[in-house]
Amino acid sequence: EDKVVQSPLSLVVHEGDTVTLNCSYEVTNFRSLLWYKQEKKAPTFLFMLTSSGIEKKSGRLSSILDKKELFSILNITATQTGDSAVYLCAAGSSASKIIFGSGTRLSIRP
Amino acid sequence: DSGVTQTPKHLITATGQRVTLRCSPRSGDLSVYWYQQSLDQGLQFLIQYYNGEERAKGNILERFSAQQFPDLHSELNLSSLELGDSALYFCASSVGLAASNIQYFGAGTRLSVL
């Protein structure tokens, strides 16, 4: 059965810390790995990864995919209170299927 | 603002009733996806439509159905509602057919079944 597992389920850190969020997947006919940030309501897109080993960066956030080991990580450096959110990882397949993980709830303390 | 519009924002109804949730995708997007998010669960994919046709089904109950109209807006119909159907229902849209494309989410409809 296809699945996406995120860890940790929740994380509390202090402002300025660096965090690493993990996502492992088992998806038939894997096509892409996506990261979303969900604050109060709608998830918003962060990254889409399709190739192994190529880091994508956006400001203090970066992400990389390992298609051999079937996982991805999302790094956030110099965290700010505005980074507090649930971070969702999703794996898409060529069969028009997408599976979301249960998310990592990140809380940043000032 | 993602450009995806969902109405209503909140819906309160009773068990056994039927409701319709509405979604207007971003301009130019042909795919619409519906998701259910309960308190103790992540985003559960329900169904995808592309240019008016059903393309993929996830964990959608038989009591639920959806359609996409010629103007590309979509409706999710939930019938014989149960307490466990209380959840946040999201609509998302994307340009292409593949579910692995970037999806843009609406603000959701919060359904409370009493």
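What does the average come to when, for each residue of peptide B:101-108, you count the partner chain Cβ atoms lying within 10 Å of its Cβ?
5
What translational D, rounded to a whole number of µm²/s, comes out for the range B:57-114 from Stokes-Einstein when the hydrodynamic radius is the Kirkwood one over Cα pairs, at 25 °C and 0.890 mPa s?
The diffusion coefficient I find is 187 µm²/s.
Just need log10 I(q)/I(0) for the range B:1-40 at q = 0.16, 0.19, 0.26 Å⁻¹, Debye formula, equal scatterers on the alpha-carbon atoms, no solvent, rounded to two decimals.
Reported log10 I(q)/I(0), two decimals: -0.56, -0.75, -1.08.
Let's see if you can work this out: charge +1 on each Lys and Arg Cβ, -1 on each Asp and Glu Cβ, no other charges. What is the dipole magnitude of the range A:1-61 about its Cα centre, in debye to the nearest 20?
Here the size comes out at about 280 debye.
So what's the gap between the Cα centers of the range B:1-25 and the range A:39-110, to the nearest angstrom?
The range B:1-25 and the range A:39-110 have Cα centres separated by 27 Å.
Evaluate 2.2 N^0.38 Å with N set to the residue count of the protein assembly as shown, then give the Cα radius of gyration divided by it.
Working: Rg = 17.4 Å, N = 224, 2.2 N^0.38 = 17.2 Å.
With N residues counted in the protein assembly as shown, Rg over 2.2 N^0.38 Å equals 1.01.
On average, how many beta carbons from a partner chain sit within 10 Å of the beta carbon of a residue in A:97-107?
Numbers: counts 8, 13, 6, 7, 2, 4, 4, 0, 0, 0, 0.
Taking all residues of A:97-107 together, the mean is 4.
Under a Cβ-only charge scheme (Lys and Arg +1, Asp and Glu -1), can you give me the dipole magnitude of chain B about the Cα centre, in debye to the nearest 20?
The calculated dipole for chain B is roughly 120 debye.
When you look at the Cβ of every residue in A:35-42, what mean number of other chain Cβ atoms sits within 10 Å? Mind dumping the intermediate values first?
Numbers: counts 0, 5, 0, 5, 0, 2, 9, 13.
Mean shielding count: 4.
Please compute the Kirkwood hydrodynamic radius over chain A, one decimal place, Å, based on all pairs of different Cα atoms.
Details: mean 1/r = 0.0718 Å⁻¹.
Averaging 1/r across every pair of different Cα atoms and inverting gives 13.9 Å.
Taking the Cα atoms of chain B alone, what are Rg (to one decimal) and Dmax (as a whole number) in Å?
Spelled out, the Cα radius of gyration and Dmax of chain B are 13.1, 38 Å.
Give me the accessible area of A:F71, 1.4 Å probe, in Å² rounded to the nearest 10.
80 Å²
What is the diffusion coefficient of the range A:1-66 in µm²/s, taking the Kirkwood radius over Cα pairs and the Stokes-Einstein relation at 10 °C with a viscosity of 1.306 mPa s?
Translational D for this selection: 117 µm²/s.
Under a plain spin-label model, where a point goes 7 Å from the Cα along Cα-to-Cβ, how far apart in nm are B:T7 and A:A78?
If labels sit at B:T7 and A:A78, their model points lie 4.4 nm apart.
The values are calculated or read from the model by the stated rules, or taken from the named source; none is laboratory data. Just so you know, these numbers come straight off a predicted model, no measurement behind them. No Cβ is skipped: glycine too gets one built from the backbone with ideal geometry, and neighbour counts run over all protein chains shown. Keep in mind that these areas ignore ligands, DNA and RNA; they rest on the heavy atoms of the full protein, side chains included. Shrake-Rupley method; radii C 1.70, N 1.55, O 1.52, S 1.80 Å.
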